[in-house]
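Working notes for the structure below.
The values are calculated or read from the model by the stated rules, or taken from the named source; none is laboratory data. Keep in mind the model is a prediction, meaning the values are calculated, not measured. Here the Cβ positions follow ideal geometry from the backbone for every residue, glycine too, while neighbour counts run over all protein chains shown. When the accessible area is computed, the model is the full protein with side chains, heavy atoms only, and any ligands, DNA or RNA have been set aside. Shrake-Rupley method; radii C 1.70, N 1.55, O 1.52, S 1.80 Å.
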Amino acid sequence: MMNNAEIASLVEHADDRTIKDFLITLLQKDDVLLQKFKIASGTQLSRSDVRSYEKQIVRICKQNENEHGFISYGASWNFHREYEEFLSETATGLIDRKEYMPAFEFIRFCFMTLNSLHIDDSNGTTGALAYLCIDFWRILCDACDSSTRRMLYFQIKNILTADIADYLTTYIEEMLFKHFSEPEFLHDKLILCDEQIRSLSDGSDRAEDEKSVYSLPMNFSDRYELSNWVLYRIQLMEQLQLPQEYRDEYCKKYISIEQVRSYYAEECIRLNRFEEAIRLYEEGKELFGDLPGIMRDYSKQLAALYLKTNQMEAYKNELWHLILDYQRGDLEVYKELKTLYSEDEWVKEREKIFAHVRNLDELYNYEGFYDRLLEMALQAPSLYYILRYEEKVKDLAPDRILEKYETVIREMAEPVSSRTTYAEIAAYLIRMLPYPNGNNLVKKILDEFRIKYKRRPAMMDELNCVEV
């Protein structure tokens, strides 16, 4: 195959008539090549030219579909590569030539085509290609003049009203709200937010009491979408520098939405309105008591606020909530709680934690309670704790630790398994060797396994790595 230099030399030595005739013949036979040549030569493009680019996108889809019109996982990789290459090459060429509206129309077609694909999307093909479309729109919006930018804004906004998949809608929303920051667009987006919020609120504008928004008959998807649009509107009010009082009232209107409550509480902290932030988190814990992640976050925020405002008793109580309920056995919370008690008091208080929390290994290790740590490790179904804390417990009861190793190894060996498991068994046997009587026990297990499991060649290979 000729390299680039050889190809260049070949063309250089050909006469103009030969080159032109050859090129004409090629362009007459290959519409895709013809459109590429039009872009490269600076020829004025028509709507039919854009349609030819769109036809090539359709052709790429069809070529990768099976007889049922479905793009399989295996075919999706080639589809992704071809789609991306043609989209990138064509969009770049159009933008470089300042063919802004044809570029937009072509990218829009590529984006909307993703909505109708029947594809095994396990490798994230459609998401990656959708993001590529958005990326080219960003480049396009940055390159064009203000009047074209205005047209692009309203064209992209119109896509929101199309019947497209939720994940594609998210890309469009991101495009609209991360770009187009001119005042004209900000005011228009404010109207758009109000329309979307009104639609998702079942046509009503109710939010007089704390639970009114969430009491509306909405599914999870609607609630999630509503929260996004409310937050978009709040961001717009910030960008427009609307009065703080107005923004506060709007947040209070939708305070039963968790994301709005969290935003408003953080805003109160920024403005040093600590008591109001505390009230928001305390009420939030009552409102979202069935959501552990939110309860943990609110509790952590409350603890920090209580400490900041020197409410030490409330701070101590919140730490207890954290370590017993929301961050059970968290070492950092444990350490902080310990500083709030005298040594004698802590001896009693820590037992409340030990009685209530399940995974205590880090706390036992921190306190130096290696005897308790050993008992916990021996009672565990696996060797996890033995392996993690072996250096600290191995001398406390070596015979019992060896017995634990043996029990787990025999359980692992019983079913037919993979070479990885057999290698793990061998590694455990090697760890047993330094213990008193470990050598003898390992030899006994090896002799037994070589007879009992002799038909497992992978296991035999791994056991041969154990040198007794």
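For the reader, a short list of remarks on this structure follows.
- Accessible surface of the chain [probe 1.4 Å, protein heavy atoms]: carbon and sulfur percent: 51 percent
- Rolling a 1.4 Å probe across all protein chains gives residue 371 an accessible area of roughly 100 Å².
- Per residue solvent-accessible surface (Å²) - the range 56-97, probe of 1.4 Å: 52 Å²
- Residue order for 246, 298 - accessible surface, 1.4 angstrom probe, largest first: 246, 298
- Annotation: amide H of residue 71 within the under-5 Å range of 66, 118, 119, 120, sequence separation 5 or more or interchain, hydrogens built in the peptide plane.
- Solvent exposure ordering (accessible area, 1.4 Å, most first) of 120, 163: 163, 120
- The range 380-468, accessible area per residue, ligands and nucleic acids excluded (1.4 Å, Å²): 58 Å²
- Residue 276 contributes an accessible area of around 40 Å² to the protein surface, as traced by a 1.4 Å probe with all chains present.
- Largest accessible area first, the listed residues 331, 322, 396 line up as 396, 331, 322 when surface is computed with a 1.4 Å probe on the assembled protein chains.
- Proximal aspartates and glutamates relative to residue 392, as straight alpha-carbon distance under 19 Å, when same-chain residues fewer than 8 apart are discounted: 361, 362, 367, 371, 375, 403
- Rolled with a 1.4 Å probe across the full set of protein chains, the surface gives residue 126 an accessible area near 10 Å².
- Cross-link pairs 394/444; 308/338; 252/285; 55/189; 300/338; 252/316 - those with Cα-Cα distance over 25 Å: 55/189; 252/316
- A cut-off under 15 angstrom between Cβ atoms defines the neighbours of residue 373, and their net charge, with Lys, Arg +1 and Asp, Glu -1, is 0.
- Charge sum, other residues only, whose C-beta stays under 15 Å from residue 415's C-beta, Lys/Arg counted +1 and Asp/Glu -1: +2
- DSSP loop trypsin sites (Lys or Arg not before Pro) with at most 10 other Cβ within 10 Å excluded, longest remaining stretch of the chain: 1-357
- Per residue, in Å², the accessible surface of the range 277-369 once ligands and nucleic acids are set aside, probe 1.4 Å: 54 Å²
- Remark: the range 143-158, residue by residue, has Karplus-estimated 3J(HN,Hα) of 8, 7, 7, 5, 5, 5, 4, 5, 4, 4, 4, 6, 5, 5, 4, 5 Hz, where x stands for each Gly or Pro and the curve is 6.51 cos²θ - 1.76 cosθ + 1.60 at θ = phi - 60°.
- The candidate values were [x] 46; [y] 69; [z] 54; the one computed from these coordinates for percent of Cα pairs over 30 Å apart carries the label [y].
- Helix-only mean residue ellipticity at 222 nm for the chain, each DSSP H run of n ≥ 4 adding -39500 (n - 2.57), per residue, nearest 500: -23500 deg cm²/dmol
- With θ taken as phi - 60° and the Karplus curve 6.51 cos²θ - 1.76 cosθ + 1.60 applied, the whole-hertz 3J(HN,Hα) list for the range 284-291 is x, 5, 6, 6, 10, x, 9, 10 Hz, x standing for glycine and proline.
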